[in-house]
Structures are given as structure tokens and as C-alpha cells.
Amino acid sequence: MASLASAPAMARDDGEVASQRGQASYYSDRFQGRRTASGESFDQQALTAAHRSLPFGTKVLVTRRDTGQSVEVEINDRGPFVKGRVIDLSKRAARELGMLKRGTAPVLLTYLPGA
């Protein structure tokens, strides 16, 4: 299984699925409207996320490992910069994963080629 950390090399012809495991968190409300690293304004109601290395515009399926709930997001920012966390989600994405109360959740990220 390929690693999402090697994002530029993820378009594979061998059918291998690129994935990454770790903890997800979500943006606090204070980031609403602020500029993301991609230049877009952050919108808590969009299905977007921050990842350290994936190219902006990459689609990722985020699956909560303890419940099986999943959501598709688009990478438009950089982060998270907290050890052990692999993705920061918008509030809407976190809501769809049922993690608002908890704040973080164990996830599996799966790269969606051509999405």
C-alpha cells in the first residue's frame, strides 16, 4: 500500500490504493473566513481539509476507523501541525464523521484518483 506522504507519486497505474492512518481533528470556528494556504477563504460548511503534503485540489476519502463513517473532502490548506494528526477537517466534514463532541478521531485516508 502506498503512502499518502508521497503525494506527488500517487497516480499509480498498478491499481494500488494510496492510504494513510492517523488522527483527524477539525478547525475551530475562529478560522472561518481566513485565507487558506491555497488562497481560498476557509468555509466551515465546505467539505475541505488540510494535509501536510497532498497537492491542493486532491480528493480524499476520510473514513473513521472506529465507526466506519466516511466523508469525501478536498485538500485546500496545509496542516495539521500537531504530532500524530494527519488531517484537519472542516466542521461540516467533522460533523459527517460524528466527531464534533470528541474533537479527534482515528481515521484512514484514501486518495481518490481522478475524483
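Taking every alpha-carbon pair under 8 Å whose residues sit at least 6 apart, segment 18-111 reaches a relative contact order of 43 percent. Computed from backbone phi, the HN-Hα couplings of segment 87-94 come to 7, 10, 9, 5, 4, 4, 5, 4 Hz, rounded to whole numbers (Karplus: 6.51 cos²θ - 1.76 cosθ + 1.60, θ = phi - 60°; Gly and Pro given as x).
Each of ALA24, SER90, SER41 was placed along the dipole of segment 18-111 (beta-carbon charges, centred on the mean Cα), and the one lying farthest toward the positive end is ALA24. Taking amide H as placed 1.01 Å from N in the peptide plane, PHE56 has no amide H partner under 5 Å among residues 5 or more places away or on another chain.
Computed from the coordinates by the stated procedures, all read-outs in this text should not be read as laboratory data. Please read all numbers here as calculations on a predicted model, not as lab measurements. Positions of Cβ are backbone-derived with ideal geometry, glycine not excepted, and every protein chain shown enters the neighbour counts.
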